[in-house]
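S.K.: Just dropping this structure here.
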Amino acid sequence: MNALLLSAVLAATPITLDQVRQESRNNLQGLLSELDRVRASEQTKLSRSVLFPQLSVQAQANRTITSTYSGIGTVVVQDANGNPVLGPNGQIQYQQKITDFPGYAANTFTLGATLNQLLFDLGKFKTLEQSGHLEAAARGTVAEQILTSEFEAIRRFYSLWTAQKQLLVLQATANRSKEFSDRAEALFEAGRGTKGDALAAQVNLGTDRINAEKQLAVVSQARIDLASWLGRSEREELDAVDPQFATSPPPAGVTLDQGLDMARQNRPLLVQFGAQVRAAKAFETAQAAGWAPRLSYQIQYLRSGPEAGTVFTDFSKQNQFSGGFFLNWDLFNGFQTDALTKQAKAQVSQAKLNLSQSERDVEGQVKVALDSLGVQLSALEEAQRNRDAATQNLDYAQERFKAGASSTLDVRDAQIKLQQAYQTLIQTRADVEVARAALDKAMGTLGRGDAP
C-alpha cells in the first residue's frame with residue numbers, strides 16, 4: 001500500500017486552485033460560447049453593411065452575328081421597269097414593306113459603375129439595432145458560461161482534494177490498526193491478552209486496508225473528472241495542491257439584500273436576458289417597418305460603343321451619367337406586415353417572461369447559496385469539535401486497552417469514530433469553499449476582486 005501511494009504521488013502533476021480557475025475559462029463549453037459570440041458579432045457587421053454605400057463596377061464585351069433576315073423596312077417605290085416612282089412634287093416615293101436584309105456582325109463594349117445609397121429604411125435600421133442587442137446577449141452568455149465553468153472546476157477541484165485527503169485518513173487509520181494489531185498480538189503472546197482480541201485486530205487491519213485501496217478508485221475518478229473539465233488528457237494524474245485555508249473561515253460578508261443587489265448588477269445571465277428583451281423590441285419595430293416608406297438614391301456612370309479602344313481607353317467621349325431618387329412604399333401587402341408584427345409582439349412578451357423568471361431564479365440562487373454557506377460554516381465548527389473529541393476518545397480507549405480494562409471492540413469503535421470525524425471535517429471544509437464559490441457565482445462576482 002505504501003509503495004503504491006508513493007508511486008502515485010511521484011507520478012502526479014500538482015495543480016493549484018488558481019490554475020484550475022484560470023484553465024476552466026477556456027474549457028469546451030466556454031470556447032463554444034465564444035464562437036457563438038463571434039457569430040453574433042459578425043451578424044452585426046452584416047446588418048450594418050447594407051447602410052453603407054454600395055459601389056459596383058461592370059464591364060461587358062459582346063459580339064452579335066446575324067444572318068440574312070426578313071423584316072419590315074422602308075424601300076423606294078419602283079415601277080415595272082425598276083425605276084423609282086416620283087411623287088407630284090418630284091420627290092422619290094417610299095413605302096414600308098417586308099424585305100430581306102443582309103446578315104451582319106457587330107461588337108458592343110460596355111463599361112460602367114453604379115453607386116447605391118440607402119437614405120431611409122426603418123426595417124434595416126432596427127435590424128441593425130436588434131443585431132447589436134443579440135451580440136450583447138451573446139457576450140452575456142459567454143460571461144455566464146465562464147462563471148458556470150469556473151464554479152464547476154472549483155467543485156471538481158475540491159472533490160479531488162477531498163478524495164486525496166480522505167485517502168490519507170484511511171491510510172492513517174490502517175497504520176493505526178497495524179500498530180494496534182501488533183500490540184494485541186504481543187499482549188496475547190505475553191499472556192496478557194486473548195486470542196480473540198488478536199484475531200479481531202487483524203480483521204480490522206484488513207478491513208482498513210481494503211477501504212484505503214477502494215479510495216484509490218475514488219481519487220482516480222476525481223482526477224479524470226477534473227482533467228476532462230479542464231480539457232486536459234484524462235490519463236494525466238493530477239494532484240490537488242492544498243489551498244490556503246484561513247484558520248477560521250470568514251462569514252459570507254453580505255446580507256441577503258446586498259447579495260441580491262450585487263446579483264442584479266453583475267450577473268451575466270440577467271444581462272443576457274435583458275439584451276434579448278431589447279432585441280425582441282427592435283425586431284418588433286423592424287417588422288412593423290413594412291408600413292414605412294423606403295428611400296434611396298442611385299448614381300450610374302455608363303460607357304458603351306462598338307470599339308474596345310474607344311470604350312476602355314478614350315475617356316473623352318462615350319460618357320453617360322444618370323442619377324435619381326427611389327421611393328418604395330408598400331401600401332398593401334395582403335396583411336403580411338400586420339401578421340409579422342403580431343408575431344414579433346409575442347416574442348417580446350416571451351422575452352420579458354424569460355427575464356422575469358431569470359430574475360426570480362437568480363434571487364433564489366443567492367438565497368440558497370447564502371443559507372448554504374451559513375449552514376456549512378456552522379457544520380465546520382461542529383466538525384472541528386468532533387475531531388478533537390474523537391482524538392481524545394481514541395487515546396483514552398487505547399490507554400484502557402493497555403491497562404486491560406477494555407477490549408478491542410472499544411478501541412475499534414474509537415478508531416472508527418476518529419476516522420469518521422476526520423472524513424467529515426475534510427468534506428465539510430471543502431463544502432464551505434464550494435458554498436462560498438456558489439454564492440459568488442450567484443452574485444456574478446466569482447473570479448472578481450469585489451467578491452465577498
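S.K.: Would you be able to say whether some residue in the range 209-225 is more than 43 Å from the chain's Cα centre (by Cα), assigned to a helix (DSSP H, G or I) and surrounded by 13 or more Cβ atoms within 10 Å (Cβ to Cβ)?
M.R.: Yes - at least one qualifying residue is present in the range 209-225.
S.K.: Pull out all pairs, ordered by first then second residue, where Cβ-Cβ is under 7 Å, the residues are six or more apart or on different chains, the first lies in the range 244-272 and is closer than 15 Å to Val368 by Cβ, and the second is part of a loop (DSSP other than H, G, I, E, B).
M.R.: Correct list of pairs: Ala252/Pro452; Val254/Pro452; Ala263/Gly444; Arg267/Gly444.
S.K.: Among what's in the range 1-23 and is outside any strand (DSSP E or B) and at pLDDT 90 or above, pick the residue that is least open to solvent (accessible area, probe 1.4 Å). Step through it out loud before you land on a result.
M.R.: Taking the range 1-23 as the starting set, the residues that turn out to be outside any strand (DSSP E or B) are 1-12, 16-23.
Filter once more, keeping what is at pLDDT 90 or above: 16-23.
Working: Thr16: 51, Leu17: 35, Asp18: 115, Gln19: 75, Val20: 0, Arg21: 61, Gln22: 105, Glu23: 51 Å².
So the residue we want is Val20.
S.K.: Give the residues of the range 60-81 that are touching a strand residue (DSSP E or B) at 6+ places or on another chain (Cβ under 7 Å) and of a type in the set (Gly, Ala, Ser), sorted by residue number. Step through it out loud before you land on a result.
M.R.: The first filter runs over the range 60-81 and keeps only residues touching a strand residue (DSSP E or B) at 6+ places or on another chain (Cβ under 7 Å), leaving 60-66, 68-78.
Answer for the range 60-81, where residues must be touching a strand residue (DSSP E or B) at 6+ places or on another chain (Cβ under 7 Å) and of a type in the set (Gly, Ala, Ser): Ala61, Ser70, Gly71, Gly73.
S.K.: Mind listing whichever residues of the range 104-127 are open to solvent by less than 40 Å² (accessible area, probe 1.4 Å) and either under 30 Å from Asn26 (Cα atoms) or not hydrophobic (A, V, I, L, M, F, W, C) (or both)?
M.R.: Thr110, Gly112, Thr114, Gln117, Asp121, Gly123
S.K.: With loosely packed, with under 14 Cβ neighbours inside 10 Å, modelled with pLDDT under 90 and touching a Ser or Thr at 6+ places or on another chain (Cβ under 7 Å) as the only criterion, which of Glu234, Glu307 stands out? Full working, then the answer.
M.R.: Details: Glu307 fails: touching a Ser or Thr at 6+ places or on another chain (Cβ under 7 Å).
Result of the check over Glu234, Glu307: Glu234.
S.K.: If the requirement is being touching a residue at least 60 places away in the same chain (Cβ under 8 Å) and either in contact with a strand residue (DSSP E or B) (Cβ under 8 Å, 6 or more places away or on another chain) or over 28 Å from Asn354 (Cα atoms) (or both), which of these qualifies: Pro53, Pro102, Pro84?
M.R.: Details: Pro102 fails: touching a residue at least 60 places away in the same chain (Cβ under 8 Å); Pro84 fails: touching a residue at least 60 places away in the same chain (Cβ under 8 Å).
Answer to the selection: Pro53.
S.K.: Does Leu46 qualify as being under 27 Å from Leu295 (Cα atoms), open to solvent by 70 Å² or more (accessible area, probe 1.4 Å) and in contact (Cβ under 8 Å) with a residue 60 or more places away in the chain?
M.R.: Yes: the conditions hold for Leu46.
S.K.: Of the numbered conditions (1) open to solvent by 50 Å² or more (accessible area, probe 1.4 Å); (2) in contact (Cβ under 8 Å) with a residue 12 or more places away in the chain, Ala186 satisfies every one except a single condition; which is it?
M.R.: Just one mismatch for Ala186, condition (2).
S.K.: Enumerate the helices (runs of 4 or more DSSP H) found wholly within the range 249-366, keeping only those where 1 or more residues are touching a helix residue (DSSP H, G or I) at 6+ places or on another chain (Cβ under 7 Å).
M.R.: Filter on the range 249-366 gives 256-266, 268-288.
S.K.: Shifting gears a bit: With Gly259, Gly290 as the choices, which residue is within 30 Å of Val50 (Cα to Cα) and modelled with pLDDT under 95? If you could, list the steps in order and put the result at the bottom.
M.R.: Details: Gly259 fails: within 30 Å of Val50 (Cα to Cα).
Being within 30 Å of Val50 (Cα to Cα) and modelled with pLDDT under 95 holds for just one of Gly259, Gly290, which is Gly290.
S.K.: Counting just the residues of the range 64-103 that are over 30 Å from Gly305 (Cβ atoms) and of a type in the set (A, V, I, L, M, F, W, C), which one comes out farthest from the chain's Cα centre (by Cα)?
M.R.: Across the range 64-103, the extreme among qualifying residues is Ala80.
S.K.: Checking the condition open to solvent by less than 60 Å² (accessible area, probe 1.4 Å) and closer than 30 Å to Thr255 by Cβ, which residue from Thr424, Thr391, Thr408, Thr428 passes? Outline the logic, then answer.
M.R.: Numbers: Thr424 fails: open to solvent by less than 60 Å² (accessible area, probe 1.4 Å); Thr391 fails: closer than 30 Å to Thr255 by Cβ; Thr408 fails: closer than 30 Å to Thr255 by Cβ.
None of the others qualify; the one that does is Thr428.
S.K.: Right, another one. Please tell me if Gly30 is open to solvent by less than 70 Å² (accessible area, probe 1.4 Å) and in contact (Cβ under 8 Å) with a residue 40 or more places away in the chain.
M.R.: Numbers: open to solvent by less than 70 Å² (accessible area, probe 1.4 Å): yes; in contact (Cβ under 8 Å) with a residue 40 or more places away in the chain: yes.
Judged against the criteria, Gly30 is a match.
S.K.: Is it fair to say Val85 is farther than 30 Å from Tyr301 by Cα, touching an Asp or Glu at 6+ places or on another chain (Cβ under 7 Å) and open to solvent by 40 Å² or more (accessible area, probe 1.4 Å)? Working first, answer last.
M.R.: On the way: farther than 30 Å from Tyr301 by Cα: yes; touching an Asp or Glu at 6+ places or on another chain (Cβ under 7 Å): yes; open to solvent by 40 Å² or more (accessible area, probe 1.4 Å): yes.
Here the answer is yes, as Val85 does meet what is asked.
S.K.: OK, next. Got a sec? Which of Gln95, Gln58, Gln117 is closer than 30 Å to Arg37 by Cα and part of a strand (DSSP E or B)?
M.R.: Working: Gln95 fails: closer than 30 Å to Arg37 by Cα; Gln58 fails: closer than 30 Å to Arg37 by Cα.
When all the criteria are applied, what remains is Gln117.
Listed here are the residues, each with its yes/no results for (1) at pLDDT 95 or above; (2) closer than 25 Å to Ala275 by Cα; (3) open to solvent by 60 Å² or more (accessible area, probe 1.4 Å).
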position: Leu373; (1), (2), (3): no, no, no
position: Leu377; (1), (2), (3): no, no, no
position: Leu380; (1), (2), (3): no, no, no
position: Asp395; (1), (2), (3): no, no, yes
position: Leu418; (1), (2), (3): no, no, no
position: Gly447; (1), (2), (3): no, yes, no
position: Pro452; (1), (2), (3): no, no, no
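The values are calculated or read from the model by the stated rules, or taken from the named source; none is laboratory data. These numbers were taken from a predicted model, which means no experiment stands behind them. A quick note on method: Cβ atoms are made from the backbone with ideal geometry, for glycine too, and the neighbour counts reach across all protein chains shown. Note: areas computed on protein heavy atoms with side chains; ligands, DNA, RNA excluded. Shrake-Rupley method; radii C 1.70, N 1.55, O 1.52, S 1.80 Å.
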